[in-house]
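Structure record follows, encoded as structure tokens.
The values are calculated or read from the model by the stated rules, or taken from the named source; none is laboratory data. Computed from a prediction, not measured in an experiment: that's the story for all the values here. Positions of Cβ are generated from backbone atoms using ideal geometry, with glycine treated the same way; all protein chains shown enter the neighbour counts. Heads up: the accessible areas ignore ligands, DNA and RNA and are worked out on the full protein's heavy atoms, side chains in. Shrake-Rupley method; radii C 1.70, N 1.55, O 1.52, S 1.80 Å.
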Amino acid sequence: MLFNNAWMLRMNGQDAADIDLMTEISTLYYVQGETQEAIANRLGHSRVRVGRLLKRAQAEGIVDVRVRLHPAVSVEIEQELKRRFGLKRALIALDNSDPDIQRSGVASLVADHLSRSLTDGQIVAVGMGRNVAAVADNVFQAESLKVSFVCAIGGSLRAGEHMNPDHICRRLASRFGGDSETLYAPALVQNGEVRDALYENSTVRQTLDRARRADTALIGVGDVSEDSNMVRMGWFSAQEIAEARLSGTVGDMMGYDFIDIHGQPSATQMQGRVVGLNIQDLTRIPDVIAIASENTKAVGILGALRTGVIDTLATSVTNAHTILRLDEATQGGGALNTY
């Protein structure tokens with residue numbers, strides 16, 4: 001149970017007395033374990049009003065209720081994932097039928113991990129997408145560190161402000177403390193020649209070189225489907241995605257390096273068009289955190305794990321179990337029919 005800073009709500013023009021009352025009631029109920037009836041009698045309010053203020057405290061961010069896996073359950077799953085794929089850690093969130101709640105649950109585990117591990121002077125390379133963006137939204141307790149958040153991929157107007165890496169970097173810097181650095185380049189270009197030319201630009205090169213020196217990287221893992229973000233953003237057509245799947249592509253990682261089920265680069269014409277870090281760059285970063293909450297991404301996550309570059313996996317219980325089953329089913333070089 002976490003309590004937000006009341007001053008943040010005061011800044012929004014809300015009544016200070018109500019904020020103080022909600023904070024007091026929440027502390028009595030969630031921390032000290034008093035009943036709503038006892039709180040009502042102590043403070044001279046009706047039990048109904050106390051209940052309403054507790055609900056309002058959750059809605060307005062004073063109280064953050066988080067449900068975790070029981071350690072006996074989570075440790076077993078985490079240890080098996082670590083053993084199979086050489087991970088340093090696995091962060092497993094409870095399943096939820098609401099995709100936004102599921103995403104927040106996974107992202108909150110990553111935010112907590114960063115709160116414990118980040119120190120002054122470190123660099124965090126930041127990718128793009130909904131799962132990476134959700135991390136910034138789930139940093140509950142603001143920090144005052146001196147950390148640099150650097151874009152590890154270019155930007156895209158079609159991605160929307162919220163999912164663009166520069167916007168994510170700024171939000172992370174405001175929550176953890178420190179500064180952010182934008183990669184002044186488009187995420188997607190027409191072909192590899194244009195991308196290579198951009199890599200020669202001194203401004204682009206300087207930012208990417210700094211991202212390559214990162215202590216931590218936050219990356220998403222994409223699936224290859226006609227409903228993927230890449231199609232919705234217009235980066236690739238549904239036909240290109242379908243052709244990629246036929247060639248064995250199961251997902252993508254930072255820099256949209258497309259991979260097959262065995263973690264090898266896939267033979268697709270979509271390769272080599274994104275300006276950002278690639279798999280080789282990630283191998284030099286000590287803590288590469290791959291975040292994927294959607295249950296449609298289990299095959300892509302398995303391929304990403306088999307690249308050997310991921311240090312921390314953050315995903316759902318269902319994905320964790322599915323990944324382990326898929327790993328057993330595809331051992332020995334066997335392919336998987338996903339159609």
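So here's what we get for this one:
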item: Residue within region 189-206 that is in contact with a strand residue (DSSP E or B) (Cβ under 8 Å, 6 or more places away or on another chain), crowded, with 23+ Cβ neighbours inside 10 Å and under 22 Å from residue 283 (Cβ atoms) present; result: no
item: Filter result for residue 170 (under 18 Å from residue 122 (Cβ atoms), modelled with pLDDT of 95 or more and more than 16 Å from the chain's Cα centre (by Cα)); result: no
item: Qualifying positions in region 226-247 - open to solvent by 30 Å² or more (accessible area, probe 1.4 Å) and part of a loop (DSSP other than H, G, I, E, B); result: 226, 227, 234, 237, 247
item: Counted residues, region 109-142 - those being of a type outside the set (Ser, Thr, Tyr), surrounded by fewer than 24 Cβ atoms within 10 Å (Cβ to Cβ), in contact with a strand residue (DSSP E or B) (Cβ under 9 Å, 6 or more places away or on another chain) and over 23 Å from residue 317 (Cα atoms); result: 6
item: Verdict on residue 176 being among the aromatic types (Phe, Trp, Tyr), at negative phi and surrounded by 19 or more Cβ atoms within 10 Å (Cβ to Cβ); result: yes
item: Filtered residues of region 256-269 (kept if within 20 Å of residue 154 (Cβ to Cβ) and open to solvent by less than 10 Å² (accessible area, probe 1.4 Å)); result: 258
item: Count of region 95-145 residues which are closer than 21 Å to residue 215 by Cβ and basic (Lys, Arg); result: 1
item: Residue match in region 161-168 (condition: within 17 Å of residue 214 (Cα to Cα), in a strand (DSSP E or B) and among the acidic types (Asp, Glu)); result: no
item: Test: residue in region 99-108 that is buried (at least 19 other Cβ atoms within 10 Å of the Cβ), under 12 Å from residue 292 (Cα atoms), out of contact with any Cys (no Cβ under 8 Å at 6 or more places or on another chain) and aliphatic (A, V, I, L, M); result: yes
item: Residue 301 being modelled with pLDDT of 90 or more and either open to solvent by 10 Å² or more (accessible area, probe 1.4 Å) or outside any loop (DSSP other than H, G, I, E, B) (or both); result: yes
item: Check on residue 181, open to solvent by 10 Å² or more (accessible area, probe 1.4 Å), modelled with pLDDT of 90 or more and closer than 25 Å to residue 311 by Cβ; result: yes
item: So residue 214, is it part of a loop (DSSP other than H, G, I, E, B), modelled with pLDDT of 85 or more and over 15 Å from residue 256 (Cα atoms); result: yes
item: Residue list for region 308-329, filter: open to solvent by 30 Å² or more (accessible area, probe 1.4 Å), in contact with an Asp or Glu (Cβ under 9 Å, 6 or more places away or on another chain) and not in a helix (DSSP H, G or I); result: none
item: Number of the condition not met by residue 288 [criteria: (1) aliphatic (A, V, I, L, M); (2) surrounded by 20 or more Cβ atoms within 10 Å (Cβ to Cβ); (3) part of a helix (DSSP H, G or I)]; result: (3)
